[in-house]
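Step one of this worksheet: look at the structure below.
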Amino acid sequence: MAKTGTTTQGLRAAIERSGYYPALVAEAVEAAIGGETIGSYLVHQETTFDANEVRRHVTVLVLTDTRFIVSHTDEQAADSTSPTPYATTSTESVKIGRISSVVVSRVVANPEKYVPGSLPREVVLTIGWGAVSRIDLEPAACGDPNCEADHGYTGSSTADDLSLRVSEAGDGPDTVRQTLAFAQALSEATAVGTDTGR
């Protein structure tokens, strides 16, 4: 489930509708926002299966005039560190000017019949700001199939701070639409943030 919008009241209502520890999530998000005006937000709840357990997570993305705020909350079963189940909430605040990439990957069925404006069946939103990078390496080779020399390694480095996947089948068409709307707002803010040197 994802909800998007532009008001503080709307954000709190979306968090409450997610039904996932709303008081805890709202308090963490609102503390991170402070007195800033909300430009856009996205609330996404996800259920995953971990061995024998069903685990829920909620991610809240908020765009203000100067910052991109990420909040993630997930629950843990009782373990050796806690005799009772517990939840962990973290928030990160990133200046708009620090966002280095906003990648929107769209999966479209029957691309030969695609009609502009149609919703993709799946969207992956990946946002990078330099906190986490992934390096993929592989042995380098030359064009000679008989060469046995060591040519070192080749690879790529990818900013991968946040990746959020939604699908029409799993989350519904509104969630896909809302994710695209938030991605567009973030992309536009990033362009403005770069131009103004924020």
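Descriptive notes on the structure:
- The apolar share of the surface of the chain, taken as the fraction of accessible area on carbon and sulfur atoms (1.4 Å probe, ligands and nucleic acids excluded), comes to 50 percent.
- Extension gain for Cys147-Ser118 works out to 5.4 nm (0.36 nm per residue, less the C-alpha to C-alpha distance).
- Springs join every pair of Cα atoms under 10 Å in this Gaussian network model of the chain, and among Ala32, Ala78, Ala181 the largest mean-square fluctuation is at Ala78.
- Amide H contacts under 5 Å for Glu122, placed H, 5+ residues apart: Val107, Glu168
- Projected over all directions and averaged, the alpha-carbon convex hull of the range 21-169 occupies 15.7 nm².
- Theoretical ellipticity at 222 nm over the chain - DSSP helices of four or more residues, -39500 (n - 2.57) apiece, nearest 500: -8000 deg cm²/dmol
- Helix 173-196 vs. the chain, principal-axis angle (Cα, 0 to 90°, nearest 10): 80
- Between 0 and 90°, nearest 10: helix 22-33 axis offset from the chain longest Cα axis: 70
- Using alpha-carbon coordinates, inclination of helix 8-18 to the longest axis of the chain, degrees: 80
- Full extension of the segment from Glu36 to Phe49, taken as 0.36 nm per residue of separation minus the current Cα-Cα distance, would add 1.0 nm.
- Note on Ala109/Thr89: beta-carbon distance plugged into 1/(1 + (r/R0)^6) with R0 of 35 Å gives a FRET efficiency of 0.45.
- Multiplying the residue separation of Ala13 and Leu137 by 0.36 nm and removing their Cα-Cα distance gives an extension gain of 40.2 nm.
The values are calculated or read from the model by the stated rules, or taken from the named source; none is laboratory data. Please read all numbers here as calculations on a predicted model, not as lab measurements. Don't worry about glycine lacking a Cβ; one is built from the backbone with ideal geometry, like all the others, and counts go over all protein chains shown. Only protein heavy atoms, including side chains, enter the accessible area calculation; ligands, DNA and RNA are left aside. Shrake-Rupley method; radii C 1.70, N 1.55, O 1.52, S 1.80 Å.
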